[in-house]
Amino acid sequence: ICKQILNFYFMKTTFLLPNSYKKIGWILLCTTLLLIILSTGKNPVINISIHVFAINNGQIFQNNEWFVWIENSIIDELICLFFILGSFFVGFSKAKFEDEYISKIRLESLAWATYLNYGVLFISILFVYGSSFLTVLVYNLFTTLIFFLLRFNWLIYKSKKLVLSEK
């Protein structure tokens, strides 16, 4: 009986956010896209420089500064934080009608995204060198979430389309 209770408890426990977080996530992702458009190029439209606390302010071939206040443009940080929060909210919020099939698609999409992410990293290790490799590593921080969102939403779209075509 204890085993059945534990199985029931752990099988029903989902670590998903409420469905309302999905809307917040899409707003954050759209804000991220807008910030990227406004902050890139030769003459960025938006640049917010403020004093921030830095645990480490290290530069290549220079002395590291520890626990200091520095002047910094925080657009890059805002873009990263909004993207991570937005994609996390979109990807890990419950569907309106969450069932075992959607849970299966979510798990398979996450596994697929992880495999693809490490495949990209593996190929990058073999064929990308110098400072370009650091750029690949930075982008690689976000590709798991991107691949997951693309795959999960594509499979949900296909399954809805299949259900509608059967009716």
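Observations
- For the residues F92, F148, a 1.4 Å probe over the protein chains yields an accessible-area ranking, largest first, of F92, F148.
- Rounded if a/c under 1.5, otherwise prolate or oblate - region 32-94, Cα gyration tensor axes: oblate
- Identified option (computed mean projected area of the Cα convex hull in nm²; candidates (1) 12.1; (2) 10.3; (3) 16.2): (3)
- Here the relative contact order of region 50-113, from alpha carbon pairs under 8 Å that lie six or more residues apart, stands at 22 percent.
- Length-normalised contact order of the chain in % [C-alpha pairs under 8 Å, at least 6 apart]: 23 percent
- If you bin all the Cα-Cα distances of region 79-142 at 5 Å, starting from zero, the percentages per bin are 4, 14, 18, 19, 17, 13, 8, 4, 2, 0.
- The chain: DSSP helices with Cα axial extent of at least 20 Å and average Kyte-Doolittle hydropathy no lower than -1.0: 20-39, 75-91, 100-127, 131-166
- Computed over the chain, the per-residue total of -39500 (n - 2.57) for DSSP H runs of n ≥ 4 gives a 222 nm mean residue ellipticity of -23500 deg cm²/dmol, rounded to 500.
The values are calculated or read from the model by the stated rules, or taken from the named source; none is laboratory data. Every value quoted in this text rests on a predicted model; they were computed, and no experiment measured them. The area values use the complete protein model at the heavy-atom level, side chains included, leaving out ligands, DNA and RNA. Shrake-Rupley method; radii C 1.70, N 1.55, O 1.52, S 1.80 Å.
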